[in-house]
1. Can you give the angle from 0 to 90° between the axis of helix 141-164 and the longest principal axis of the chain, with both taken from C-alpha atoms, to the nearest 10?
2. Could you work out the relative contact order of the stretch 3-158, using alpha carbon pairs under 8 angstrom and six or more residues apart, expressed as a whole percent?
3. What 222 nm value per residue comes from the helices of the chain, counting each DSSP H run with n ≥ 4 as -39,500 (n - 2.57) and dividing by all residues, nearest 500 deg cm²/dmol?
4. Evaluated at 37 °C with a viscosity of 0.692 mPa s, what Stokes-Einstein diffusion coefficient in µm²/s does the chain have when Rh comes from the Kirkwood expression over alpha-carbon pairs?
5. What do you get for the angle between helix 73-86 and the principal long axis of the chain? Use alpha-carbon atoms, 0 to 90 degrees, nearest ten.
6. Find the centroid of the Cα atoms in the stretch 137-165 and in the stretch 5-23, then give the distance between the two in whole Å.
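Bear in mind that the values in this text are calculations on the coordinates, not laboratory data. Because the structure is predicted, anything quoted here is derived from the model rather than measured.
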C-alpha cells in the first residue's frame, strides 16, 4: 500500500436494509457508478425512502424499475465488473470491510473481495485514529463512497505528514 494507491483508488459504498442490497456505488478519481437494486422487498420502500436512500427513483409510490439507474443484481454485477476492469490498476477501498463482506450478498461480495480491497479503518488505526474533520450524515451509497474517498485522501495526507516528520 502506498499513498498513490490511496489517492487514486476506487471507493465503494452500499446501502442495505437487513440483508438486502438497496444501492451500491463505486467512485474513482475519474468516474462514479451509482445504482439501485430492483430486487429488494418492496414492502420496505417507505422505510427505505425515509431512512436509508432518499435518492431511490420512485413512480406513483413504487420503485421505478424503468429508471435507468434501477437494475437487477445480475446487471449490477456485470456493470461493476466492467467498472473494476476499466480501473484495474487501482486499489479498491472500503470501510469496515469484514462487516460489508458479511452483509453484501454473495455475488457482490465475491466480486468486490476477489479484488483484494483495502480497509480505511485499518489506516485509521495505524495513524492512531485521527479525528476526521466532519463526518456527514451518510445514508446513500454515493455519499458513502464519496465520503470514503475524502477520508482516504485525508488519511493519505496524514500519512505523508507522518513520513515527513
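1. Rounded to the nearest ten degrees, it is 0.
2. Numbers: 229 pairs, mean separation 53.4, N = 156.
Dividing the mean separation by the residue count of the stretch 3-158 yields 34 percent.
3. Taking each H run of at least 4 residues, the total per residue is -12000 deg cm²/dmol.
4. Values: Rh = 16.5 Å.
Taking Rh from Cα pairs, D becomes 199 µm²/s.
5. 30 degrees
6. Between the Cα centres of the stretch 137-165 and the stretch 5-23 lies a distance of 14 Å.
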